[in-house]
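Peer 1: Attaching a single structure in structure tokens format; questions to follow.
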Amino acid sequence: MNPYKYCLALSILFLAGTLYFIKKRVLDFKYSIFWISISLLMIILSLNKDFTEGMAEAVSIAYAPAFLFVTGIVFIFFLLFYLSLVISKMQNKITLLIQEIGILKSCVDEGEYKDDIHFASNKHNTSCYRANPVENRIKGN
């Protein structure tokens, strides 16, 4: 089988799979844009043999179809880096939530929790306080 046709077939299957998972709402929209763009780029590179050979020659790759696979691998590295950033951001959010849950549990364990107690949280201040400001002054919160 011609390597260009093989890449074309894989790219079309990958695009179809991506669209299927978007339809089933398994794949998030912001990630689907990335995968659709990779699929379309690979389809364009597979269909346009002269362009692919010119690009391969420009980056000193002797076998032009190998350029298709190198392009796919480079995009995967970009995706891995992006997902690492997303994981780091989520880890920070999880840490913040764990800290807030710990503070809530300490408020409950101290017997301060009643129906009129609320939990206030922002980046700098996290505390239990009563809904009535007079009780807050008495309580010292």
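Let's see how each residue does on (1) touching a strand residue (DSSP E or B) at 6+ places or on another chain (Cβ under 8 Å); (2) at pLDDT 90 or above; (3) open to solvent by less than 70 Å² (accessible area, probe 1.4 Å); (4) of a type in the set (Asp, Glu):
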residue: Phe75; (1), (2), (3), (4): no, no, yes, no
residue: Leu97; (1), (2), (3), (4): no, yes, no, no
residue: Asp115; (1), (2), (3), (4): no, no, no, yes
residue: Gly140; (1), (2), (3), (4): no, no, yes, no
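Peer 1: For Ile73, state whether it is under 19 Å from Cys7 (Cβ atoms) and part of a helix (DSSP H, G or I).
Peer 2: It is true that Ile73 is under 19 Å from Cys7 (Cβ atoms) and part of a helix (DSSP H, G or I).
Peer 1: Which of the residues belonging to region 4-54 are among the β-branched types (Val, Ile, Thr), within 16 Å of Phe75 (Cα to Cα), more than 19 Å from the chain's Cα centre (by Cα) and surrounded by fewer than 16 Cβ atoms within 10 Å (Cβ to Cβ)?
Peer 2: Listed by number, the list holds a single entry, Ile44.
Peer 1: Separate question: Please indicate, with yes or no, whether at least one residue in region 61-70 is in contact (Cβ under 8 Å) with a residue 60 or more places away in the chain and either open to solvent by less than 60 Å² (accessible area, probe 1.4 Å) or basic (Lys, Arg) (or both).
Peer 2: Yes, that holds for at least one residue.
Peer 1: Considering each residue of region 1-41, count those that are in contact with a Pro (Cβ under 9 Å, 6 or more places away or on another chain) and among the aromatic types (Phe, Trp, Tyr), and give that number.
Peer 2: Residues in region 1-41 being in contact with a Pro (Cβ under 9 Å, 6 or more places away or on another chain) and among the aromatic types (Phe, Trp, Tyr): 2 in total.
The values are calculated or read from the model by the stated rules, or taken from the named source; none is laboratory data. All of these numbers come straight from a predicted model, not from anything done at the bench. Heads up, the Cβs are rebuilt from the backbone with ideal geometry, glycines too, and the neighbour counts pull from every protein chain shown. Surface accessibility is based on the protein's heavy atoms, side chains included, excluding ligands, DNA and RNA. Shrake-Rupley method; radii C 1.70, N 1.55, O 1.52, S 1.80 Å.
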